[in-house]
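Structure first, then comments.
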Amino acid sequence: MRHIIVPVTPFEQNCTIFWCETTRQAAVVDPGGDIERILAALAEHELTLERILVTHGHIDHAGGVAALVERLAVPIDGPHAEDRFWIEGMPQQSKMFGFPNVRSFEPTRWLVDGDRVTVGKEVLEVLHCPGHTPGHVVFFHRPSGLAQVGDVLFQGSIGRTDFPRGDHATLIASIKERLFPLGDAVRFIPGHGPMSTFGEERQFNPFLSGRFG
């Protein structure tokens, strides 16, 4: 499975395109905005969008979902239903963060831990990792050891927990009990910033080593 990262919105969110090399079918993970940029990347790589995947309901990750579906009429997988209130509140988030005319949407499928989603002939495993938001999910491609973790974990940091229904202890448990057991060699794409590995973060991330928090 191949991937590219397409930074979108003023928050430089790591919208990710995964695709199956055999079928050239693709999934866009977290189209937060800048839809034309995402469409251009799909066209550049001669990909057919099969589905949209959403890690959680914050506007910089999900603000472009409705517009992209309007353009390409593809199904939406995710997040977990515990983030419904964030998605239904998308117009309010739009006003709060200055994103113009962002609409809410209804996922085709709410995801739960243990679900699987397909991208062409490739399969992504779904892990429910609450804490940053209650319905946050992570997508893991086991054959290549690659995860898209949204705002759960970053290089040298972790997701914020000061938003409604965020919880620090729950977030730490999600990282240590759901992500780290996948293995130190797993590379991950965070919602913002550079990629890292679970092993690097297990060893050096100050929020997980007990130095902070």
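Only the coordinates and a few stated rules stand behind these numbers; no lab work does. Since the structure is predicted, the reported quantities are computational estimates derived from the model, not experimental observations. Ideal geometry is used to build each Cβ from the backbone, glycine not excepted, and the neighbour counts take in all protein chains shown.
General observations
- Among 22, 55, 118, residue whose mean-square fluctuation peaks in a GNM of the chain (springs only between Cα atoms under 10 Å): 22
- Across the range 78-87, rounded Karplus estimates of 3J(HN,Hα) from the backbone phi angles (6.51 cos²θ - 1.76 cosθ + 1.60, θ = phi - 60°) give x, x, 6, 4, 5, 9, 4, 5, 5, 5 Hz, Gly and Pro being marked x.
- Virtual spin-label span in nm between residue 92 and residue 123, 7 Å along Cα→Cβ: 3.9 nm
- All Cα pairs of the chain, percent lying beyond 25 Å: 31 percent
- Report note on the peptides 140-148, 93-101: ranked by the mean count of other C-beta atoms within 10 Å, highest first, their order is 140-148, 93-101.
- Relative contact order of the range 2-204, defined on C-alpha pairs under 8 angstrom at six or more residues apart (%): 16 percent
- Euclidean distance between Cα centres, the range 127-181 to the range 54-68, Å: 17 Å
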